[in-house]
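The values are calculated or read from the model by the stated rules, or taken from the named source; none is laboratory data. If you're wondering where the values come from, they're calculated on a predicted model, not measured in any experiment. Heads up, the Cβs are rebuilt from the backbone with ideal geometry, glycines too, and the neighbour counts pull from every protein chain shown.
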Amino acid sequence: MNFVPFHKYGTPKYFYSWSLALRPWLGGACVLLFIAGLIGGLFLAPTDYQQGESFRIIYVHVPAAWMSLFIYIVMASAGACGLIWHVKLADIVARACAPLGAWFTFLALFTGSLWGKPMWGTYWVWDARLTSELILLFLYLGYIALQGAIDDRRTAARAGAILAIVGTVNIPIVHYSVEWWNTLHQGPTVSKLDAPSMDTSMLIPLLIMALAYNLYFVAVLFERVRCEILEFERNTNWVKELTRDKGVV
Amino acid sequence: MASEVSFFSMGGYAYFVWFSYGISAIVLLANALLPARKEKKLLAEIAVRERGKSENL
Amino acid sequence: MNDALNAARAVALRDLKRHLRRRQDLVQPVVFFVIVVTLFAIAVGPDAAIFAKIAPAGVWVAVLLATTINLDAMFLSDYQDGTIEQLLLSPAPLPLLVASKIFAHWCATAGPQIAISIVVAIVLGLEGPVVSALAATLILGSPILSLVGAIASALTVGLRGGAMLQALIILPLYMPTLIFGTAAMHNAALDLPISAEIYFLAGLGVMAVSLAPFAAAMALRIRLS
């Protein structure tokens, strides 16, 4: 099959237009999912027998943690694409992922800490999962610092890609830490192959929130990528056409 | 289902639950709004520059 | 193949001679290490029991910091005088040459570092099993530190704010080594077996030896393109 006609959709110009067309749909779906998830999580899910109402933090903690890992993988993959196949858009995507990933990691750590106090009696403990998640935050910050320190964007993107790929080894450590070590953090409840050990009425809002966070990430990532494209392609004709069409004041 | 007062107090865990949700909301909203504003600003900047150039011709 | 090995040996010998010639550069990290351990001891205070518990951790952290400070010597001066560009142009595979540089750097710096660490550990009053655990984990860990450090060093060579940036990048990557090194010492203090930690460190070492030279070589190519 001839893939060449598809390649144009990966160029900054086409990406700008199709992602902009997608924006209202992504935004709308995201808002609806958030509303559904919050209603399900805050009102419909029954109170937990052991933890009382504090377990409701799960609906902001777990999605943020899942996103922190997922975004790192996206960042490393995009970096690898840019490194191997010299796809400019991949470089921009990788760079745009990093601050989002760092924020989600921070949220996971912060909300987890607030959950830990009522559940375990402490805000922090140096067990495997919390420590490896903290390491993930430092990896994100190091990546952002490295990209900021190199002036040439192409070189910065490629150097960042190497760093992101090297740091990928931390992702399985975070994920499997609760299985490999005796940790205070609870074990895996949602797995791909087994039935989850959480009640359905509590699980559904969690999955809805996870999907909402995912759509949110995609929407905001596209927004950030569009900003970068505008910033660095401002001298091209298609950008100039764009502003002329919009008739922006 | 819990009454209104009980909902806000979250069974005594109000501080933990609402602080978590609050900080998540703030971070998510800020991260969503800032790039949108930046995009508008960039488009306006480019348009002004273009208009300036075409008027100079 | 012969040419490549000859080139690698030449690079290693040149670097080793250069490192050994600059005595000052060898001694400074050792002095820094002793100062950090002293600061740590002063900060913990006179309580001997508490100090005995935390001392292994303090020694390992001081080793990490001293190694991080030392990493500049690997690529910086060669970057500044153009030697790295020559290496890039050489027909020998760059990962092999980078591995030789890392090896030479490790030979010059790890020996004194491990020796002073053992001496300091004994002086601090750590017991026999703990000191042997320290020695074993350092011997296994220092190649990992040099190899992974080379990646960060190659990524940040010559950048403004390079030393701090290098440290910021490298410390998360050093944490697994730190975790296993100190876990081994804690287990040794409790008379528990340390084989698990040794196996993990060996595994990390094998991964580092096989992958780090390639990553560092790619990083140098990117930075010098």
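Only one of C:Pro176, C:Pro172, C:Pro193 is more than 10 Å from chain A (Cβ to nearest Cβ), under 26 Å from A:Arg129 (Cβ atoms) and modelled with pLDDT under 95; which?
None of the others qualify; the one that does is C:Pro193.
For region A:152-166, check the following and say yes or no: at least one residue is modelled with pLDDT under 90, acidic (Asp, Glu), out of contact with any Lys or Arg (no Cβ under 7 Å at 6 or more places or on another chain) and surrounded by fewer than 18 Cβ atoms within 10 Å (Cβ to Cβ).
No, that holds for no residue.
Given the residues C:Leu88, C:Leu96, which is the only one that is surrounded by fewer than 16 Cβ atoms within 10 Å (Cβ to Cβ) and closer than 28 Å to A:Val169 by Cα?
After ruling out the rest, the residue left standing is C:Leu88.
Quickly run through region B:6-56 and pick out the residues that are among the aliphatic types (A, V, I, L, M) and at pLDDT below 85.
Within region B:6-56, B:Met10, B:Ala14 qualify.
Confirm whether C:Val120 is more than 25 Å from C:Asn6 (Cβ to Cβ) and touching a His at 6+ places or on another chain (Cβ under 9 Å).
Against the criterion (more than 25 Å from C:Asn6 (Cβ to Cβ) and touching a His at 6+ places or on another chain (Cβ under 9 Å)), C:Val120 does not qualify.
Taking the condition of being more than 10 Å from chain A (Cβ to nearest Cβ) and not hydrophobic (A, V, I, L, M, F, W, C), how many residues in region C:205-225 meet it?
3
I'm trying to understand the selection: among the residues of region A:194-205, which are buried (at least 20 other Cβ atoms within 10 Å of the Cβ) and either in contact with a helix residue (DSSP H, G or I) (Cβ under 6 Å, 6 or more places away or on another chain) or farther than 28 Å from A:Leu42 by Cα (or both)?
A:Pro205 - this is the single residue of region A:194-205 that is buried (at least 20 other Cβ atoms within 10 Å of the Cβ) and either in contact with a helix residue (DSSP H, G or I) (Cβ under 6 Å, 6 or more places away or on another chain) or farther than 28 Å from A:Leu42 by Cα (or both).
So, A:Phe217, is that one within 14 Å of chain B (Cβ to nearest Cβ) and modelled with pLDDT of 95 or more or not?
yes
Any residue that is surrounded by fewer than 17 Cβ atoms within 10 Å (Cβ to Cβ) and at positive phi - is there at least one of those in region C:126-137?
There is no residue in region C:126-137 that is surrounded by fewer than 17 Cβ atoms within 10 Å (Cβ to Cβ) and at positive phi.
Only one of (1) in a helix (DSSP H, G or I); (2) under 22 Å from A:Leu130 (Cβ atoms); (3) modelled with pLDDT under 90 is not met by A:Gln50, so which one is it?
Condition (1) is where A:Gln50 drops out.
Just to be sure, is A:Lys246 at pLDDT below 85, surrounded by fewer than 17 Cβ atoms within 10 Å (Cβ to Cβ), basic (Lys, Arg) and closer than 24 Å to B:Ala47 by Cα?
In short, yes.
When you go through C:Ser146, C:Ser153, C:Ser225 one by one, which is the residue that is hydroxyl-bearing (Ser, Thr, Tyr) and either in contact with a strand residue (DSSP E or B) (Cβ under 9 Å, 6 or more places away or on another chain) or not in a helix (DSSP H, G or I) (or both)?
Step by step, each of C:Ser146, C:Ser153, C:Ser225 is checked, and only C:Ser225 is hydroxyl-bearing (Ser, Thr, Tyr) and either in contact with a strand residue (DSSP E or B) (Cβ under 9 Å, 6 or more places away or on another chain) or not in a helix (DSSP H, G or I) (or both).
Collect the residues in region C:107-130 that are part of a helix (DSSP H, G or I) and more than 19 Å from the chain's Cα centre (by Cα), keeping them in residue-number order.
C:Ile122, C:Val123, C:Gly128, C:Pro129, C:Val130 - these are the residues of region C:107-130 that are part of a helix (DSSP H, G or I) and more than 19 Å from the chain's Cα centre (by Cα).
Does A:Gly116 count as within 14 Å of chain B (Cβ to nearest Cβ), surrounded by 18 or more Cβ atoms within 10 Å (Cβ to Cβ) and more than 24 Å from B:Leu34 (Cβ to Cβ)?
yes
If a residue must be without any contact (Cβ under 8 Å) to a residue 12 or more places away in the chain and more than 9 Å from every other protein chain (Cβ to nearest Cβ), how many such residues does region A:225-245 contain?
Residues in region A:225-245 being without any contact (Cβ under 8 Å) to a residue 12 or more places away in the chain and more than 9 Å from every other protein chain (Cβ to nearest Cβ): 4 in total.
Checking A:Asp91 against (1) modelled with pLDDT under 90; (2) more than 11 Å from every other protein chain (Cβ to nearest Cβ), only one condition comes out false. Which one?
(1)
Return a yes/no flag: does region A:93-101 have any residue that is among the charged types (D, E, K, R), more than 15 Å from the chain's Cα centre (by Cα) and over 18 Å from B:Leu28 (Cα atoms).
Scanning region A:93-101 turns up no residue that is among the charged types (D, E, K, R), more than 15 Å from the chain's Cα centre (by Cα) and over 18 Å from B:Leu28 (Cα atoms).
Identify all residues within region A:114-144 that are within 16 Å of the chain's Cα centre (by Cα) and without any contact (Cβ under 8 Å) to a residue 12 or more places away in the chain; write none if there are none.
A:Phe138
Do you know which of the residues in region C:178-203 that are touching a residue at least 40 places away in the same chain (Cβ under 8 Å) and of a type in the set (Val, Ile, Thr) is farthest from C:Pro56 (Cα to Cα)?
Here the answer is C:Ile198.
Quick one: would you say A:Tyr59 is surrounded by fewer than 19 Cβ atoms within 10 Å (Cβ to Cβ) and within 13 Å of chain B (Cβ to nearest Cβ)?
Answer is no for this residue.
Taking region A:37-47, which residues are buried (at least 16 other Cβ atoms within 10 Å of the Cβ), assigned to a helix (DSSP H, G or I) and over 23 Å from the mean Cα position of the chain (by Cα)?
Scanning region A:37-47 gives a single hit, A:Leu42.
Here is a list: C:Ala55, C:Ala73, C:Ala43. Which entry is touching a His at 6+ places or on another chain (Cβ under 8 Å) and either in contact (Cβ under 8 Å) with a residue 60 or more places away in the chain or part of a helix (DSSP H, G or I) (or both)?
C:Ala73
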